[in-house]
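Please read the structure below before turning to the comments.
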Amino acid sequence: MSCIFCDIAGGKIPSQKVYEDDVMLAFKDLNPQAPVHVLLIPKSHIDSLAQIDGAGAQTVAHMMEKIPAITKTLGCEESFRIVSNCGAQAGQSVMHLHFHLLAGRQFAWPPG
Ligand code: AMP
């Protein structure tokens, strides 16, 4: 099954990389919703947080652990928002787990 984020993780589709290691990739969103808009994805395919198992939880923990360093690199360590849309009603359009890292403007709460 083709997956655009698997293709980005595998280097078949180019991306503007912000951070990469064996487990994850962070790259700039093509359609930014804020001055800083980066996507954090696991390199191995997971559909969404609805499919997380023990191994997936370790992957997610690794990704969360990298957030302080990534936000420092981006200069937004003081204030940022992490969002993971899960399922169509929540707005998920790419069915490969990803966390939006958004920063650089005022955000509303609750989200629209
Ligand atoms: P979501 O709607 O939560 O599934 O988020 C998917 C995100 O992927 C959207 O913000 C898109 O702008 C972004 N996106 C889709 N294709 C690409 C791509 N090739 N490179 C970077 N971002 C992408």
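For every other residue with a beta carbon closer than 13 angstrom to the beta carbon of P68, add +1 if it is Lys or Arg and -1 if Asp or Glu, then tell me the sum. Could the numbers behind the result be given before it?
Numbers: positive: K66, K72; negative: E65, E77, E78.
Once positives and negatives cancel, what remains is -1.
Going by Cβ distance under 4.7 Å, what cysteines of the chain have no possible disulfide partner?
C76, C86
Of all the accessible heavy-atom surface of the chain, with the other protein chains kept in place and a 1.4 Å probe, what percent is carbon and sulfur?
Carbon-and-sulfur percentage of accessible area, whole number: 54.
Quick one: net charge of Q33's neighbours, Cβ under 12 Å, K/R +1, D/E -1?
+2
Beyond 23 Å, what percent of the Cα pairs of the chain remain?
The answer is 25 percent, as a whole percent.
Sum up the charges of everything whose Cβ sits under 13 Å from the Cβ of V94, counting Lys and Arg as +1 and Asp and Glu as -1, but leave V94 out.
Working: positive: none; negative: D7, D29, D47.
Its environment carries a net charge of -3.
Mean-square fluctuation check for the chain, GNM, Cα pairs under 10 Å: which of L74, L49, L101 is largest?
Comparing L74, L49, L101 in a Gaussian network model of the chain, the most mobile one is L74.
Accessible area per residue of the chain at 1.4 Å probe, in Å²?
Values: 6730 Å² over 112 residues.
Ligands and nucleic acids excluded, the figure is 60 Å² per residue.
Under a point-charge model restricted to the Cβ atoms of Lys and Arg (+1) and Asp and Glu (-1), what is the dipole moment magnitude of the chain relative to its Cα centre, in debye to the nearest 20?
280
Kindly sort F5, F80 by accessible area of their heavy atoms, largest first, with the probe set to 1.4 Å.
F80, F5
The values are calculated or read from the model by the stated rules, or taken from the named source; none is laboratory data. Computed from a prediction, not measured in an experiment: that's the story for all the values here. As a convention, Cβ positions derive from the backbone with ideal geometry for all residues, glycine included, and neighbour counts pool all protein chains shown. Accessible surface is based on the protein model in full, side chains and every heavy atom, while ligands, DNA and RNA are left aside. Shrake-Rupley method; radii C 1.70, N 1.55, O 1.52, S 1.80 Å.
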